[in-house]
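The values are calculated or read from the model by the stated rules, or taken from the named source; none is laboratory data. Owing to the predicted nature of the structure, the values given are computational and were not obtained by experimental measurement. Reconstructed Cβ throughout: ideal geometry from the backbone, glycine too, with neighbour counts over all protein chains shown.
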Amino acid sequence: MIEISSPVRVRFAPSPTGFLHIGGVRTALFNWLFARHYGGQFLLRIEDTDEKRFIPGAADDLMTSMRWVGIDWDEGPDIGGPYGPYVQSVRSEQGVYMPFAQQLLEAGLAYMSFTTEEELVQMKAEAEARGIKAFRFRGPERDWPLAKQQEVAATGKAYTIRLKVPAEGSTHFNDLVRGGDDGIRINNSELYDIVLIKKTGMPVYHMAHLVDDHLMKITHVLRSDEWVASTPYHVLLYQYLGWHAPTFAHLPPILRQDGHGKLSKRKDDVSANRFWERGYLADAMFNYLTLQGWSYDDHTEIMTRAEVVERFTIDRVQSSPARWNPAKLLDMNGIYIRALSTEATADAITPFLQRANLVPTPINPSHRQRILELTPLIHERLKELGEAPELLDFFFVDIAPPSAELLIPKKMDAASTKAALVEIHASLSAVQEWQSAEALESSLRALCEKLDLKPGQLFGAVRVAVSARTVAPPLFEMLIALGKSTTLNRIQSAIGVL
RNA sequence: GCCUCCAUCGUCUAGCGGCCUAGGACGUCACCCUUUCAAGGUGAAGGUCGCGGGUUCGAAUCCCGCUGGAGGUACCA
């Protein structure tokens, strides 16, 4: 059993380089769950130290995605907090990071490096040519006295500030989910002198996140597993700065459906906003994501938010990768949709009907009423709310008469189908009360006997005649919803086809 | 290549030395229900616990090796 010392402070620190994809949401979610379960704070921090990849508006999009699944934060760029600001570019401008780089420089634990990117590429190529299998950059300036470094810098030559990693020994850290009891250890000879401050003066991730985590009093770092390889640098930095390192927990990656590689926003259609656009319920997404890398026991999958918060412990987080499984998500979405009330479902599908121009925007009372009537017909058949328009369009707009091919039931021909439809038209015309499915059904069942047709044949012909499709809601409820005159008109049109 | 991590049905997972002739879910298939499609019900197929060695009275569970996969190897995060 892993003991977690409360109170706990965790953060989600995305970089605004595009929309938030589902893997990012999962990372945010686990941090949130961790904070809520162990009783602590969850904060949001924007890591926009990469000027080249920055995308305007991405930060807002990302917050929208998080709010959608129900993740809220106690401190963040939009709401502030005691350790703000929560945007790294702003912090950098305020000079938050430089003093610490300076401290390292003065202690001889970092150095000004005048090697350019071009020179570095060349050095690598040369090393490779000489048969050196792994090139680990150590700047020639690493052993220069600081005064000499400053002298060259004073000439106006551009420089970066690099971490001076130890030549020997190894670096070790513990991880709440990976590496077992012995933790993870790497030889320092595998490390290279990473850049801490770019030549633009902007800190690199390794520097910025670490300074911020310390200043913001982060106690636990739950992040995606791609960071384990650079954690040794972070451990070293904490030592050099004389700070107590937070506890690490590297979350398992979410692999692509085919298992080859991690889920990526470029190759996979997994941006968070895609899911609400297609009609996924936030609760379903929350529940599904919860199971991507975590499980409660051997049989419980459907859980409310409160249940997950209560049950989420770090020791039940998987160390092996999860796999993106859209079929499972779809199934779960169906479960959550079916659990909705008729009213809630009607509200949920309304935007989709509006987007398909089947109902006006804003909605008016009569259309709202109409949607309410129609919702029970498709409610339990819905797996994505976005399917609603195609399931319901023929209730709102005129349909082209179905083709003869679609209209003619099994073991029947055009003539017999036509004859049957004429009889159906007559029978239904005679129905006075157009409100009872039972009345309509008994009328048509009587006709089945009279014409010696199976219900499947006759009902099928009616279904196609009024909806122009073979898959539709239950027939009699559908006829009632359609109304008597529309039903009869469509049957009449179908007769004309044959 | 090198470094690190990971390894149970097609997929996700339960399992932390005897309860396992390995449990659940998704998916698949069959049947029932039935006017179509769903939903629901019942059931089936599907795993020599990646492979090979150990440790132990006993291993899916511990150790070692191998193999496979993923991640990292940027003045990106």
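Computed values, structure above
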{"item": "Single unsatisfied condition, A:Ala147 versus (1) part of a loop (DSSP other than H, G, I, E, B); (2) more than 29 Å from A:Phe42 (Cα to Cα)", "result": "(1)"}
{"item": "Scan of region A:107-131 for residues that are farther than 21 Å from A:Tyr238 by Cα, loosely packed, with under 15 Cβ neighbours inside 10 Å and more than 9 Å from RNA strand B (Cβ to nearest atom), ordered by number", "result": "A:Gln122, A:Met123, A:Ala125, A:Glu126, A:Glu128, A:Ala129, A:Arg130, A:Gly131"}
{"item": "Listing of helices (runs of 4 or more DSSP H) fully contained in region A:78-140 that carry 2 or more residues being farther than 14 Å from A:Tyr192 by Cα, free of Cβ contacts under 8 Å to residues at least 60 places away in the same chain and over 40 Å from the mean Cα position of the chain (by Cα)", "result": "A:98-106, A:117-129"}
{"item": "Selected residue (criterion: farthest from RNA strand B (Cβ to nearest atom)) from residues of region A:150-181 that are loosely packed, with under 13 Cβ neighbours inside 10 Å and closer than 20 Å to A:Thr247 by Cα", "result": "A:Asp181"}
{"item": "Selected residue (only one of A:Ile218, A:Ile184 is at pLDDT 95 or above and surrounded by 17 or more Cβ atoms within 10 Å (Cβ to Cβ))", "result": "A:Ile218"}
{"item": "Among residues of region A:150-170, those that are modelled with pLDDT under 95 and assigned to a strand (DSSP E or B), counted", "result": "1"}
{"item": "Region A:238-256 residues that are touching a residue at least 24 places away in the same chain (Cβ under 8 Å) and more than 16 Å from RNA strand B (Cβ to nearest atom), paired with ones that are in a loop (DSSP other than H, G, I, E, B) and small (Gly, Ala, Ser) (beta carbon under 6 Å, 6 or more apart)", "result": "A:Tyr238/A:Ala245"}
{"item": "Some residue of region A:267-285 being within 15 Å of RNA strand B (Cβ to nearest atom) and loosely packed, with under 14 Cβ neighbours inside 10 Å", "result": "yes"}
{"item": "Residue within region A:440-462 that is among the basic types (Lys, Arg) and within 18 Å of A:Ile495 (Cα to Cα) present", "result": "no"}
{"item": "Single residue of A:Val422, A:Val497, A:Val462, A:Val466 found to be surrounded by 17 or more Cβ atoms within 10 Å (Cβ to Cβ), modelled with pLDDT of 90 or more and more than 10 Å from RNA strand B (Cβ to nearest atom)", "result": "A:Val466"}
{"item": "Count of residues meeting criterion [more than 9 Å from RNA strand B (Cβ to nearest atom) and either over 20 Å from the mean Cα position of the chain (by Cα) or aliphatic (A, V, I, L, M) (or both)] in region A:309-333", "result": "5"}
